[in-house]
1. State which residue pairs qualify: first residue closer than 22 Å to Gln19 by Cβ and in contact (Cβ under 8 Å) with a residue 40 or more places away in the chain and inside the range 54-81, second residue basic (Lys, Arg) and open to solvent by 20 Å² or more (accessible area, probe 1.4 Å) in any location, beta carbons under 9 Å apart, and separation of 6 or more residues or different chains.
2. Touching a Ser or Thr at 6+ places or on another chain (Cβ under 6 Å) and either small (Gly, Ala, Ser) or open to solvent by 90 Å² or more (accessible area, probe 1.4 Å) (or both): does that describe Ser31?
3. Looking at Glu75, Glu3, Glu15 in this structure, which one is modelled with pLDDT under 95, open to solvent by 90 Å² or more (accessible area, probe 1.4 Å) and part of a loop (DSSP other than H, G, I, E, B)?
4. If the requirement is being in contact with a Lys or Arg (Cβ under 8 Å, 6 or more places away or on another chain) and either basic (Lys, Arg) or modelled with pLDDT of 95 or more (or both), which of these qualifies: Leu34, Leu43?
5. Return only the number of the condition from (1) touching a Ser or Thr at 6+ places or on another chain (Cβ under 7 Å); (2) open to solvent by less than 50 Å² (accessible area, probe 1.4 Å) that Val56 does not satisfy.
6. Using the structure shown, decide if Ser31 is part of a helix (DSSP H, G or I), touching a residue at least 24 places away in the same chain (Cβ under 8 Å) and small (Gly, Ala, Ser).
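The values are calculated or read from the model by the stated rules, or taken from the named source; none is laboratory data. These figures come from a predicted structure and were not determined experimentally. Quick reminder, even Gly has a Cβ in these numbers, built from the backbone with ideal geometry, and neighbours come from all protein chains shown. Protein only, heavy atoms only, side chains kept; ligands, DNA and RNA dropped before computing areas. Shrake-Rupley method; radii C 1.70, N 1.55, O 1.52, S 1.80 Å.
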Amino acid sequence: VDEAPQPDQHTVRLETIEQTRRCLEVLDERSRELIRLKFEEGLSYQEMSQRMGLSVGNVGYILHHTLKRLATELETMGVRL
(Lines give C-alpha, C1' and ligand atoms only; values in the text may rest on other atoms or scores of the structure.)
Protein backbone atom coordinates (compact mmCIF):
# COMPACT_ATOMS: atom_id res chain seq x y z
CA VAL A 1 0.00 0.00 0.00
CA ASP A 2 1.40 3.39 -1.03
CA GLU A 3 1.25 5.63 2.05
CA ALA A 4 2.46 8.77 0.25
CA PRO A 5 -0.15 11.53 0.24
CA GLN A 6 -2.22 11.80 -2.89
CA PRO A 7 -1.78 14.98 -4.98
CA ASP A 8 -5.14 16.38 -3.84
CA GLN A 9 -4.26 15.74 -0.19
CA HIS A 10 -0.96 17.53 -0.70
CA THR A 11 -2.75 20.51 -2.26
CA VAL A 12 -5.23 20.70 0.63
CA ARG A 13 -2.35 20.58 3.12
CA LEU A 14 -0.52 23.42 1.34
CA GLU A 15 -3.70 25.51 1.24
CA THR A 16 -4.26 24.91 4.96
CA ILE A 17 -0.69 25.96 5.73
CA GLU A 18 -1.13 29.16 3.71
CA GLN A 19 -4.43 29.96 5.43
CA THR A 20 -2.80 29.40 8.82
CA ARG A 21 0.06 31.74 7.91
CA ARG A 22 -2.44 34.43 6.91
CA CYS A 23 -4.24 34.06 10.24
CA LEU A 24 -0.95 34.30 12.13
CA GLU A 25 -0.03 37.51 10.30
CA VAL A 26 -2.99 39.38 11.78
CA LEU A 27 -2.09 38.51 15.38
CA ASP A 28 -0.35 41.02 17.57
CA GLU A 29 3.40 40.52 17.87
CA ARG A 30 3.29 39.12 21.42
CA SER A 31 0.69 36.48 20.56
CA ARG A 32 2.53 35.51 17.39
CA GLU A 33 5.80 35.17 19.32
CA LEU A 34 4.18 32.96 21.97
CA ILE A 35 2.78 30.71 19.23
CA ARG A 36 6.25 30.52 17.67
CA LEU A 37 7.93 29.72 20.98
CA LYS A 38 5.39 27.00 21.76
CA PHE A 39 5.19 25.28 18.40
CA GLU A 40 8.54 25.99 16.74
CA GLU A 41 10.84 25.93 19.77
CA GLY A 42 8.71 23.64 21.95
CA LEU A 43 9.21 25.76 25.08
CA SER A 44 7.26 25.19 28.28
CA TYR A 45 5.04 27.91 29.71
CA GLN A 46 7.73 28.56 32.33
CA GLU A 47 10.40 29.01 29.65
CA MET A 48 8.12 31.25 27.61
CA SER A 49 7.29 33.39 30.65
CA GLN A 50 10.99 33.91 31.36
CA ARG A 51 11.79 34.74 27.74
CA MET A 52 8.83 37.11 27.32
CA GLY A 53 8.79 38.68 30.79
CA LEU A 54 5.24 37.50 31.47
CA SER A 55 3.77 35.46 34.29
CA VAL A 56 3.13 31.78 33.57
CA GLY A 57 -0.58 32.42 34.01
CA ASN A 58 -0.48 35.26 31.50
CA VAL A 59 1.31 33.03 28.98
CA GLY A 60 -1.40 30.40 29.37
CA TYR A 61 -4.18 32.95 29.09
CA ILE A 62 -2.77 34.57 25.95
CA LEU A 63 -2.04 31.23 24.27
CA HIS A 64 -5.49 29.88 25.09
CA HIS A 65 -7.28 32.87 23.62
CA THR A 66 -4.93 33.09 20.64
CA LEU A 67 -5.40 29.43 19.73
CA LYS A 68 -9.16 29.76 20.14
CA ARG A 69 -9.13 32.81 17.83
CA LEU A 70 -7.00 30.98 15.25
CA ALA A 71 -9.32 27.96 15.32
CA THR A 72 -12.36 30.18 14.78
CA GLU A 73 -10.69 32.02 11.89
CA LEU A 74 -9.61 28.79 10.23
CA GLU A 75 -13.08 27.30 10.59
CA THR A 76 -14.60 30.35 8.88
CA MET A 77 -12.15 29.72 6.02
CA GLY A 78 -13.43 26.16 5.75
CA VAL A 79 -10.44 24.45 7.35
CA ARG A 80 -11.46 21.38 9.30
CA LEU A 81 -9.53 21.00 12.54
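1. The qualifying pairs are Glu73/Arg22; Leu74/Arg80; Met77/Arg22.
2. It is true that Ser31 is touching a Ser or Thr at 6+ places or on another chain (Cβ under 6 Å) and either small (Gly, Ala, Ser) or open to solvent by 90 Å² or more (accessible area, probe 1.4 Å) (or both).
3. Glu3
4. Sole residue among the options that is in contact with a Lys or Arg (Cβ under 8 Å, 6 or more places away or on another chain) and either basic (Lys, Arg) or modelled with pLDDT of 95 or more (or both): Leu43.
5. (2)
6. Working: part of a helix (DSSP H, G or I): yes; touching a residue at least 24 places away in the same chain (Cβ under 8 Å): yes; small (Gly, Ala, Ser): yes.
Here the answer is yes, as Ser31 does meet what is asked.
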